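K.L.:
For reference, the structure I am asking about is given below.
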Amino acid sequence: MRFLAGGLVAAGAFALALALRPLPSPLVVVPAMLTAAAMSLVWWPRARPRTAAITAGAGVLGATCTLVWLADPGVAGGPSTYVHTVAVLTLITLTVRWAAVRQAVPAVGVAAISEALLAMQITQPPPSGFDAVALTLFWSVGTAGAVGLGAYLRALDRRRVDAVRQARRTQRVQLARDLHDFVAHDVSAMVLQAQAAQILLDRDPSEAAAALRAIEEDGARALASMDRTVRMLRELEGESASAEPLPGLDGLPDLVRRFADAGFPGTELRIEPSGPVPREVATTIYRIVVEALTNVRKHAPAGSSVAIQVTDETRAVVVTVADHARDQAPPRLPSAERTGVGLAGLAERVQALGGEFTSGRGAGGGWVVKAVFP
């Protein structure tokens, strides 16, 4: 569309020039026509990488033809010169905007000389001496404006690219946190169940088989979370994919049931919000519970009781996860030490939603994780 519009504008300008006054020398008209065509050509996506070369070629052609015309000037350029000037300034603007700096500098330099010399075509006879220098300098003001406009558009393009890159980076970081929040929980459960299955394999094969089935379920969930993350990453690269919604409050009962079956039967869940909870807050609450239960599984003695509450307090949604070791609790199965960053990431997310996040030792022992969402 831009190519056709530019061509129509150039054709209309030359038609008007022919109707209003005698046709100037071909040394004036032909470069103007070719430069206008070049101005239209650079809007074509395939020609855009060659913008600097096209601008330099148009500059060399225009400057050469003007210098030859000055040797035997005829009719002044008139509208042809004005069209030529506009086309050159447009090429300069687009070159500064799109071309690499090392290519743009010489191309713009040549085009600037060509544009300055066009001032000689607008008077009859052409000026000489000081008047010629003053006229070319005045005519070059347009070049300065074109360079400034091109630099401004280039900065806007760079800012837009940086914003997209930053947005993608933020989304990738968020996906990495999602992967940590969900996959780490399932994988830690698999490790615990595998350790239990090793102990029960000879003593109680049926219980060992149940532990292996639990490992299979946790592995399937971990794979589903990874598959969802991969689909989201593909979406960031422009590929079409439908990502499944992340769990919210409705996913907590099943999460707690699986956690209790994995060796923490004293786990209690109470969900009592008085009104609907925003989806983003509900998803964050689910992440908080997942991370807290993962830490309980890694650090608390087996059989510890865990209390999970989602309630309303003074117009705020509050989620609390607290664990307490039972008296004479059986020893924890050995597990590999692992340092995570889940709580720090959750704190940032809660703060981004305008809430408050705390975690630390409880008054009666154990560990308490709490988040308040306004």
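K.L.:
Between Arg279 and Asp131, what is the label-point separation in nm under the 7 Å Cα-to-beta-carbon projection?
P.N.:
Between Asp131 and Arg279, the simple spin-label model gives 7.4 nm.
K.L.:
To the nearest 0.05, how large is the calculated FRET efficiency for Ile271 and Arg46 if R₀ is 56 Å and r is the Cβ-Cβ distance?
P.N.:
Efficiency for this residue pair is about 0.45.
K.L.:
Ranked from the most accessible area to the least, with a 1.4 Å probe and all protein chains present, what is the order of His324, His84, His299?
P.N.:
Final ranking, largest accessible area leading: His299, His324, His84.
K.L.:
Then there's this: Can you give the Rg/Rh ratio of segment 39-165, where Rg is from the C-alpha atoms and Rh is the Kirkwood radius?
P.N.:
Reported Rg/Rh (Cα atoms, Kirkwood Rh): 1.04.
K.L.:
Work out, step by step, the length gained on full extension between Ile122 and Thr311: first 0.36 nm times the residue separation, then minus their alpha carbon distance; give nm to one decimal.
P.N.:
Full extension from Ile122 to Thr311 adds 60.0 nm.
K.L.:
If R0 is 56 Å, what FRET efficiency do you get for Asp261 and Leu156 from their C-beta distance, rounded to 0.05?
P.N.:
Efficiency at R0 = 56 Å is approximately 0.50.
K.L.:
Taking the simple approach of a point 7 Å from Cα along Cα-to-Cβ for both Thr64 and Leu212, what is their distance in nm?
P.N.:
So the label points at Thr64 and Leu212 sit 8.4 nm apart.
K.L.:
Continuing with this model, one more query. For Gln195 and His299 in the same chain, what is the full-extension length gain: residue separation times 0.36 nm, less their Cα-Cα distance, in nm?
P.N.:
Full extension of this stretch gives 35.9 nm more.
K.L.:
Let me know the charge dipole size of segment 73-163 about its Cα centre in debye, to the nearest 20, where only the beta-carbon of Lys, Arg (+1) and Asp, Glu (-1) is charged.
P.N.:
Charge dipole of segment 73-163: 420 debye, to the nearest 20.
K.L.:
Enter the accessible area of Val147 (Å², nearest 10), with the probe set to 1.4 Å and all protein chains included.
P.N.:
The accessible area of Val147 comes to roughly 50 Å².
The values are calculated or read from the model by the stated rules, or taken from the named source; none is laboratory data. Because the structure is a prediction, the values reported are computed rather than measured. Here Cβ is always computed from backbone atoms with ideal geometry, including for glycine, and neighbour counts include all displayed protein chains. Please note that ligands, DNA and RNA were not included when accessible areas were found on the heavy atoms of the full protein model with its side chains. Shrake-Rupley method; radii C 1.70, N 1.55, O 1.52, S 1.80 Å.
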